[in-house]
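One structure is given here, and the rest of the page talks about it.
Please treat every number below as a calculation from the coordinates, not as lab data. All of these numbers come straight from a predicted model, not from anything done at the bench. No Cβ is skipped: glycine too gets one built from the backbone with ideal geometry, and neighbour counts run over all protein chains shown.
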Amino acid sequence: MAWLGTNHPHFIVSLLACSKLNVTFVPLNYRGKYAELQQMVEDSGAKIIVSERRYRELADDLNTHCRTIEQVVSAEEVYVGQEPLAVTQGANDDLAYLIFTSGTTSQPKPVMITNKTIANFLRVYPNADSIGKTVSLLHAPNFHIAGLLNALLSLVGTNHIAMLRQFNARQWLQAVEDVNVTKTFLAPTMMKLITDTLQERQYDLSSLQSIVYGSAKAQLPVLEAFMNGLPEQTAVTHVYGMTETLSTITLLGSDVHDEHRKRPTEQTKRRIQSVGKPLPDVEIQIWDPEGQVLPAYEVGTVVARTSRTMQGYYNRPEATAKALQGGWYVSSDAGYLDEEGYLYVEGLLTT
């Protein structure tokens with residue numbers, strides 16, 4: 001089942017319904033060009049599109065031109081007055097999600113995420129099982145791995161979920177103030193917009209307990225300015241990962257951020273520009289072009305091994321064989337490890 005829409009309660013309902021029915025959930029990039037969307041639908045083999053009303057015309061057009069689609073329904077209508085769904089027992093290796101890569105280095109590819117992969121993620125991810133009075137704010141695109149997993153984590157470990165259909169700095173700040181948001185996820189571009197907006201007027205951000213950022217490298221001046229605008233008690237954490245590893249493989253903790261914010265030194269300045277250390281279920285190595293492991297401080301290909309690695313790219317055997325080698329996921333990122341095991345990502349590999 002393909003989902004075409006922004007953040008909305010119907011997105012959450014669709015996600016849970018697919019899980020209950022053991023149906024593969026395929027979030028589509030509503031910002032994508034038509035040809036790209038058509039390719040995604042056909043590549044995934046989706047039979048149904050559940051569409052937010054604002055994208056219904058686009059969904060109907062995709063139905064006309066995509067051979068796999070059998071039905072298009074509006075999210076606002078399909079869940080009204082329906083009988084409870086019967087649970088369909090799924091197996092560990094059944095596909096839970098097909099999530100398309102961002103297409104930064106090539107055409108977007110459908111990443112196969114199984115039920116077992118999600119269970120492994122929830123067992124190791126920090127605070128995935130936290131219990132307490134929490135309010136999570138969802139605003140990241142739900143077709144992106146970060147947006148989708150933040151929705152999943154919020155369902156598992158949050159009392160209340162607030163949503164913005166799409167990110168807007170003023171709306172984000174107002175939502176934090178109005179509903180006492182305690183935790184959220186941000187990309188560096190969002191952090192810069194929030195910092196700029198705080199120059200116009202102040203907002204009450206005292207409820208914020210935790211901010212996790214990722215999806216791209218935060219330039220040091222952007223990060224420093226953002227942290228300086230936060231309450232002192234707000235914990236800031238950096239995560240790094242890929243769709244193919246079900247997001248996070250390394251984490252740079254709030255202790256490193258706090259130290260740099262309060263007592264900046266050359267050492268904290270260097271450390272805070274890393275992406276942290278591997279999570280407990282992750283091994284990371286740096287390979288040379290021949291697949292040999294490189295020592296500390298030598299730049300090469302970032303590779304990772306974890307129980308959360310994708311099953312492969314759907315109907316892409318050659319791309320899968322290139323990405324998965326001997327149990328390792330071979331990324332397209334260049335980086336190095338220091339002597340303490342902190343990972344530094346230098347950018348995309350050059351060919």
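Tabulated data for the structure shown
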quantity: Computed FRET value (nearest 0.05) for Lys33 with Glu57, which takes r as the C-beta separation and R₀ as 22 Å; calculated: 0.90
quantity: Protection-proxy order for peptides 309-317, 216-224, each taking the mean of Cβ atoms within 10 Å per residue, highest first; calculated: 309-317, 216-224
quantity: In nm, spacing of pseudo-spin labels at Ser307 and Asn92 (7 Å Cα→C-beta vector); calculated: 0.9 nm
quantity: Total charge dipole magnitude, segment 1-90, about the Cα centre, Cβ charges on Lys, Arg, Asp, Glu only, Debye to nearest 20; calculated: 180 debye
quantity: Alpha carbon centroid spacing (whole Å) that separates segment 302-344 from segment 177-236; calculated: 30 Å
quantity: Simple label model, 7 Å out from Cα along Cβ direction - Ala321 to Arg263, nm; calculated: 5.5 nm
quantity: Segment 204-295 - convex hull of alpha carbons, volume per residue in Å³; calculated: 132 Å³
quantity: Given charges at beta-carbon only (K, R positive; D, E negative), |dipole| of the chain in Debye; calculated: 360 debye
quantity: Computed over segment 1-90: relative contact order in percent, which uses C-alpha pairs under 8 Å that are six or more apart; calculated: 35 percent
quantity: Ranked packing of 150-156, 302-308, most packed first, by mean Cβ within 10 Å; calculated: 302-308, 150-156
quantity: Options Gln311, Thr88, Val13, ranked by Cα towards positive dipole end of the chain, top entry (Cβ charges); calculated: Val13
quantity: Which labelled figure in (1) 1.10; (2) 1.00; (3) 0.96 is Rg/Rh (Cα atoms, Kirkwood Rh), once derived from the coordinates; calculated: (3)
quantity: Gain upon complete extension [Glu290, Val13; 0.36 nm per residue less C-alpha separation]; calculated: 95.1 nm
quantity: Built amide H within the under 5 Å cut-off of Ile249, gap 5+; calculated: Tyr240, Gly241, Met242
quantity: Per-peptide average of other Cβ atoms within 10 Å, ordering 135-147, 258-270, 172-184 highest first; calculated: 135-147, 172-184, 258-270
quantity: FRET efficiency, Arg201 to Val179 (Cβ-Cβ, R0 25 Å, nearest 0.05); calculated: 0.85
quantity: Spacing of the two label points (7 Å from each Cα toward its C-beta) at Val299 and Ala119, in nm; calculated: 4.2 nm
quantity: Gain on full stretching of the segment that runs from Asn168 to Asp338 - 0.36 nm per residue minus C-alpha separation; calculated: 57.5 nm
quantity: Of Lys116/Lys183; Lys20/Lys277; Lys116/Lys192, those spanning more than 31 Å from alpha-carbon to alpha-carbon; calculated: Lys20/Lys277; Lys116/Lys192
quantity: Per principal axis, descending, Cα span of segment 200-243 in whole Å; calculated: 34, 21, 16
